[in-house]
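The values are calculated or read from the model by the stated rules, or taken from the named source; none is laboratory data. No experiment lies behind these values; they were computed from the predicted model shown. Please note: Cβ atoms are built from the backbone with ideal geometry, for glycine as well, and neighbour counts cover all protein chains shown. We work out accessible area using only protein heavy atoms, side chains counted, and drop any ligands, DNA or RNA first. Shrake-Rupley method; radii C 1.70, N 1.55, O 1.52, S 1.80 Å.
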Amino acid sequence: MSAPLLFVGARQVVTCAGPARARHGAEMRDAGVRTGVAVLVRGDDVEDVGPERALAAAHPHAAIIDCAGGVLTPGFVDSHTHAIFGRPRYEEQELRAAGMPYMEIARRGGGIHASVRDLRSQHEDDLVVLARPRLGQLAASGVTTVEVKSGYGLSLEHELATLRVARRLAAALPMRVVPTWLGAHEIPLEFRERTRGRQEYVELLVHEMLPRVAAERLARFADVFCEPGVFTIEESREILLAARAAGLGVKLHADELESSGAAELAAQIGATSADHLAAVSDVGIAALAAADTVATLLPATMLFLGRQQQAPARRMIESGVAVALATDFNPGTSPTTNFPLVLTLGVSQLRLSCAEAIVAATVNGAAALGLASNVGQLAPGFSADLALWDVEDVRELPYWLGAGRCRASWTRGKPCHPRDLALAS
Ligand SMILES: [Zn+2]
């Protein structure tokens, strides 16, 4: 085995160390900021975090990585993205700014259906070529684990193709890629136009797509866009229970625009996460607080859409909900790969403290992907996923609005962000 790595010279090491599960409510207030410590990495894992001199003396043959006064954090977990798509949809932005509602944009051939038409016209190899640098941008903003959803295929052929793209990216990149099947992102137009189209599409999802996705082990999770006008509570329940029976974990796009009981459904069926939640009800918050379901909040989406309404994060945390933060990176409503910007929005829009935002981006992001037992902390036995920042204090991460100050990142002890290649050699 190659020599261990010893990360020295960090002004702060943010460990997020603690129980290997989602942090709820007041537990989110402690991000475990330490000074004078080094991090020892052996193979894929963190072996020790302790006083720098003692660790250096005990491991004289370790390869030294000098953090040069920067801040070391666990790599961020972006637990909600739609990173596999064809062309961007920039033309919709000014229509929206001019006041055109989404339904009208969709009627004119925009919205999700535009991305579906486009993805279906792309070759799998081209989708890999398009997605790879996007994930590289996430890695360059401190993300070492990324969830990637399908959902612009909406046919057996194209959903499987999207998930194969995710598999190829996972094999090609150092970062950890977690694939989610989102065949239930929208009812495709060819089904919407038919009288029994809705039922037929749900049957296709449950009886044709899901068995193939499960048999070929193409996804770890299934997700449904549960929102009035898209999938109903009953349809979402049927799809997700079938997915659970087929061995997948379940997630839910819940209560983004209207409160429809989706958060309650997520809690009731034990979903790993309920995502968006800008319109969640008090009953929904109470249900999430009583369940093991992580509330994944996506403040960049509401910002980009120009909406005033953000998820009631403070009420959630004060009710004991475990909150995670993610980019929702997608071509329609959140075209950003800037994870630190999401931290900024977590503080300025959702009113989290810096520590809460960091915990939401690490431990709780990992929990939103069922990975909290070995991802999201700089602690012995955890995956060596780290990000090194050109700042002096962790509170600068959400402070420098829109800045990219990630100097380097590693997943499983391997360089993940190009700028670190020289540093690690
Ligand atoms: Zn989404």
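So for 5, 257, 288, what's the accessible-area order with a 1.4 Å probe, most first? Show your work: numbers first, answer last.
On the way: 5 30, 257 75, 288 0 Å².
Accessible-area ranking of 5, 257, 288, largest first: 257, 5, 288.
Can you tell me the relative contact order of the chain? Whole percent, Cα pairs under 8 Å, sequence separation 6 or more. Please list the in-between numbers first.
Numbers: 1044 pairs, mean separation 96.9, N = 425.
Computed over the chain, the figure is 23 percent.
Using alpha carbons only, how many degrees (0 to 90, rounded to 10) separate the axis of helix 339-348 from the longest principal axis of the chain?
Helix 339-348 sits roughly 80 degrees off the main axis of the chain.
What does the chain give for Rg and for Dmax, in Å, if only its C-alpha atoms count?
Answer for the chain, Rg first and Dmax second: 20.9, 73 Å.
Just to verify a number: what accessible area does residue 123 come out at with the full protein assembly present, 1.4 Å probe, Å² rounded to tens?
Its heavy atoms expose roughly 110 Å² to the probe.
With a 10 Å radius around each residue's Cβ, average the other Cβ atoms per peptide and rank 128-135, 280-287, highest first.
On the way: 128-135: 17.9, 280-287: 19.5.
Sorting 128-135, 280-287 by mean packing, highest first, produces 280-287, 128-135.
If I model region 1-57 as equal point scatterers sitting on the Cα atoms and use the Debye formula, what is log10 I(q)/I(0) at q = 0.12, 0.15, 0.19 Å⁻¹?
Results for region 1-57 at q = 0.12, 0.15, 0.19 Å⁻¹ read -0.34, -0.51, -0.74.
Can you give me the accessible area per residue for region 282-421, using a 1.4 Å probe, in Å²?
Per residue, region 282-421 has 32 Å² of solvent-accessible surface.
Could you sort 152, 399, 102 by accessible area so the largest value comes first, with the probe set to 1.4 Å? If you can, show how the numbers build up before the last one.
Numbers: 152 5, 399 145, 102 90 Å².
Most to least solvent-accessible, the answer reads 399, 102, 152.
Rounded if a/c is under 1.5, else prolate if a/b is larger than b/c, else oblate: which is region 339-425, with a ≥ b ≥ c the root eigenvalues of its Cα gyration tensor?
Values: a/c = 2.28, a/b = 1.17, b/c = 1.94.
Oblate, since a/c reaches 1.5 and b/c is not below a/b.
Measure off, as a whole percent, the carbon and sulfur share of the 1.4 Å-probe accessible area of the chain, all protein chains present. Mind showing how you got there, number by number?
Working: 8600 of 16020 Å².
Result for the chain: 54 percent of the exposed heavy-atom area is carbon or sulfur.
Specify which residue in the list 360, 32, 303 is farthest towards the positive end of the charge dipole of the chain, using unit charges on the beta carbon of Lys, Arg (+1) and Asp, Glu (-1), about the Cα centre.
32
Estimate the FRET efficiency between residue 117 and residue 315 by the formula 1/(1 + (r/R0)^6), using the beta-carbon distance for r and 60 Å for R0, to the nearest 0.05. Before the final figure, lay out each step's value.
Values: r = 39 Å, r/R0 = 0.66.
That gives a FRET efficiency of 0.90.
Taking just the C-alpha trace of region 236-334, give me its Rg and Dmax in Å.
13.0, 39
Please work out the C-alpha center-to-center distance from region 269-312 to region 142-161 and express it in whole Å.
Centre-to-centre distance over Cα atoms comes out at 21 Å.
Please report the base-10 log of the normalised intensity I(q)/I(0) for region 230-290, using a Debye sum with one equal scatterer per alpha carbon and no solvent, at each q in 0.12 (1/Å).
-0.24
Order of 366-376, 39-49, 209-219 by packing, highest average Cβ count within 10 Å first? Present the calculation step by step, with values, prior to reporting the outcome.
Details: 366-376: 25.2, 39-49: 19.9, 209-219: 17.9.
Per-residue Cβ counts within 10 Å, averaged per peptide and sorted highest first, yield 366-376, 39-49, 209-219.
Counting only helical runs of four or more DSSP H residues, what would the 222 nm mean residue ellipticity of the chain come to if each run contributes -39,500 (n - 2.57) and the total is spread over all its residues?
Working: 19 runs with 155 residues, N = 425.
-10000 deg cm²/dmol, from helical runs alone.
Quote the charge dipole size of region 214-360 about the Cα centre in Debye, to the nearest 20; the model charges only the Cβ of Lys and Arg (+1) and of Asp and Glu (-1). It would help to have the intermediate numbers written out before the result.
On the way: 9 positive and 16 negative charges, 79 e Å.
With only Lys, Arg, Asp and Glu charged at Cβ, the dipole is about 380 debye.
Once the Cα gyration tensor of region 274-425 is found, what semi-axes does its equivalent ellipsoid get, as square roots of 5 times the eigenvalues, in whole Å, sorted largest first?
Values: eigenvalues 145, 70, 35 Å².
Calculated on Cα positions only, the semi-axes equal 27, 19, 13 Å.
By how many degrees, between 0 and 90 and to the nearest 10, does the Cα long axis of helix 233-245 differ from the longest principal axis of the chain?
Relative to the chain, helix 233-245 is tipped by roughly 50 degrees.
Take each of the peptides 27-38, 51-62, 90-101, 220-231, average the number of other beta-carbon atoms within 10 Å over its residues, and list them starting from the highest.
Values: 27-38: 18.1, 51-62: 13.6, 90-101: 12.0, 220-231: 23.2.
Highest mean packing first, the order is 220-231, 27-38, 51-62, 90-101.
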